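Here, each number is a calculation from the coordinates, and none is a lab measurement. Keep in mind it's a predicted model, so treat the numbers as computed, not measured. Ideal geometry is used to build each Cβ from the backbone, glycine not excepted, and the neighbour counts take in all protein chains shown.
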Amino acid sequence: MPEGTYYFPEGFLWGTATAAHQVEGRNPNNTWTAWEQEEGRIINGQTSGLACDWWGGRWREDFDRAQATFQNAHRLSIAWSRIQPTPDRWEETALDYYREMLIGLHSRNIVPMVTLHHFSEPLWVAELGGWENPDIIDLFAAFVEKAVEALSPYCKLWVTINEPDVFALSAYVEGLFPPGKKDLKAAYQVMNHMVRAHAKAYAVIHEIQPEAQVGLAYHYRHFRPAGWLPMDRWMAGLFHTIFNNLFPRTLKDGVFNAVVKKDRIPEAIGTQDFIGLNYYSSDLIRFNLLAKSRMFTTMSFPKDALLSENGFIASQPAGMEACVRWGRQFGKPIYITENGVEDSTDEMRPRYILEHLQALWRAINDNAPVLGYFHWSLVDNFEWERGWTQRFGLWGLDLETQKRIRRPSVDLYAEICRLNGISSEMVERYAPAALPELFPPA
C-alpha cells in the first residue's frame, strides 16, 4: 500500500459549524419556531424543542468535545430574535450569554466565526414583511451594530448572512422556509434587499472594528448538463448564474444581474474580506418542458454516485475543487464554512470527509487561498424543514436524554485536526474503500 500524508498549510483552521435555531432550543420568538407549529411544514410534524439544549448550557460540554478532539475553530450564529425581541427593546442578558459563549471558545483556544443571520428572524420582523420590506436594510444594520459592539472584543471573523441563495429559493420560490411563498418577484426583492443589507452591515462592522474580517457564506452547487442537448447546457448555465453568481458578482461589480432584470447596487462593491463556501453536492441539469414548477428542469445525481441515507446528498468530491476554483475569481481568502453529509450510521461520513478534504488539498496545492474548513456539524441538530430525519453530526444526539453519541467520525476528524492533514493510515483505518482513489498504487 502506498503511504503518505496530505498536509495542509500551517495555521489552517479546523472546526465545525452550527446555527442558533438548530442547536439552542427554547426560542418562542423565532420565525422558525412559529413555522414548526403549522401543520405539514416539517417532516413527521417534528419540532426543534430543546434542540441540542445550548440555551440550557450544553454548549459548554460540546465546546469541551471540540477542544478535546483538537478543533481550533468553531462557526456559530447568534439569534436576532433573542437580542432584539421587540422593535424597541434590546435584551442585554442574551448578549451576555453570547459573550459568555465566545469567551468559552477563547478559553479553549478555539477561534470563533460568528454568523449574524442564519435563516431566522424575530417574529416582529416577519410581521413587518421580513426581507420583502426595504426597511429591513436599516433594521438589520441596527441589529448588527448592537451585536458587534457587544461581541467584537471576542470575535473578528463575521459572516453577515448565511446562504442568501438558499434562503431566497426555499422561502420565496419553493415555499419550504417561512414565510412559505412561491413568488419569483418576491424572491428577487429579497435577494436585492439582502445585498443592500449586507453592504450596510459590512460598513457598520468596519466602523466599529476596523480589523474585522467580514464575508458571507454561499451555498455553491456544481451544476452540470445531464446530456449533450444545448438546452441542458443552457439551463445548467442559467442555474449557475442565478444560484451561484448573483450575490457574489454584485459584491464584485455592483451589478445585480438576475437575467430577466438588472439593478445597480454600487455600495455593495468590495464589501467582502473573505469568501465563505458551503459545499455539499453537485447536480445534473436536464431541460424538461413538463417541470414548470422547477423552472423547466429536472435535477439528478449520477447513477453511480454514492448517496446519503435519504438520497439528499451525492458524494461528489470533484465538486469541491470546482467550488474553490469558482471562489478564486473574487480574489479573496476562502473558508469552507460548511461541508458534510447526513449519515446516522456513520458508514458514509468517513469516506465523504476524506475524499472531500483530499479534493480541497488539491485545490490548495493549486495555490487556492483556503484558510480553514468547518465541518457540518459538531452534533446532530434540527435540519429545518427536514426536522430530525437527517443526522449531520460528528456526534450523534439522543433526543430523549440529550446524550451525545460518539461516532467513529469524531476520532477520524480529531486525527485530521491534530495532524493538520490526512494520511494513508487514516484512510486505511476509517475508509479503506477510498484507499485506491486517495493513495493509488504507483
Pop a pseudo-label 7 angstrom from the Cα along the beta-carbon direction at both Thr241 and Glu207 and give the gap in nm to one decimal. 3.6
In nanometres, what is the gap between the two model label sites at Ala258 and Glu100, each 7 Å from Cα along Cα-to-Cβ? 4.3
Rank the residues Ser377, Ser423, Ser107 as a footprinting-exposure proxy: fewest other Cβ atoms within 10 Å of their Cβ go first. Ser107, Ser423, Ser377
Counted neighbours (other Cβ, 10 Å), sorted fewest up, put Thr241, Thr93, Thr115 in the order Thr93, Thr241, Thr115
State, to one decimal in nm², a quarter of the convex hull surface area for the C-alpha atoms of region 223-263, i.e. the direction-averaged projected area. 3.0
Place a point 7 Å from the Cα of Glu127 in the direction of its beta carbon; the residues of region 12-39 whose amide N falls under 16 Å from it are 28-35
Using Cα pairs closer than 8 Å and at least 6 residues apart in sequence, work out the relative contact order for region 5-438, in percent. 18
Please work out the C-alpha center-to-center distance from region 252-282 to region 366-426 and express it in whole Å. 29
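I need Asp88, Asp96, Asp253 ordered by Cβ neighbour count within 10 Å, fewest first.
So the ranking, lowest neighbour count to highest, is Asp88, Asp96, Asp253.
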Under the Debye formula (equal points on every Cα, no solvent term), log10 I(q)/I(0) of region 15-76 at q = 0.13, 0.16, 0.23, 0.24 Å⁻¹: -0.42, -0.58, -0.92, -0.96
Expected-Rg normalisation [2.2 N^0.38 Å, Cα atoms] applied to region 308-442: 1.09
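Among the listed pairs Lys182/Lys252; Lys156/Lys200; Lys185/Lys252, give every one whose C-alpha distance is greater than 22 Å. The partial results should precede the final answer.
Values: Lys182/Lys252 29 Å; Lys156/Lys200 17 Å; Lys185/Lys252 24 Å.
Cα-Cα > 22 Å for Lys182/Lys252; Lys185/Lys252; rest within.
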Two-decimal Rg/Rh across region 1-151, once Rg and the Kirkwood Rh are taken from alpha-carbon atoms: 1.05
Can you compute the modelled spin-label distance between Asn310 and Ile43, with each label point 7 Å from Cα toward Cβ, in nm? 0.2
Which whole-angstrom value gives the distance between the alpha carbon centres of region 187-201 and region 123-163? 12
Could you work out the helix-only [θ] at 222 nm for the chain, with each DSSP H run of four or more residues adding -39,500 (n - 2.57) and the total divided by the number of residues, to the nearest 500 deg cm²/dmol? -11000 deg cm²/dmol
Computed lengthening from Trp228 to Arg89, 0.36 nm per intervening residue step minus Cα-Cα distance: 44.3 nm
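Nearest 20 debye, what's the magnitude of the dipole of region 5-438 about its Cα centre given +1 on Lys and Arg Cβ and -1 on Asp and Glu Cβ?
Details: 43 positive and 53 negative charges, 216 e Å.
For region 5-438, the charge dipole is close to 1040 debye.
Calculate, in whole percent, how much of the Cα-Cα pair population of region 242-354 lies beyond 18 Å.
Working: 3952 of 6328 pairs.
Tail fraction, whole percent: 62.
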Whole angstrom only: what separates the Cα centroid of region 323-337 from the Cα centroid of region 15-56? 31
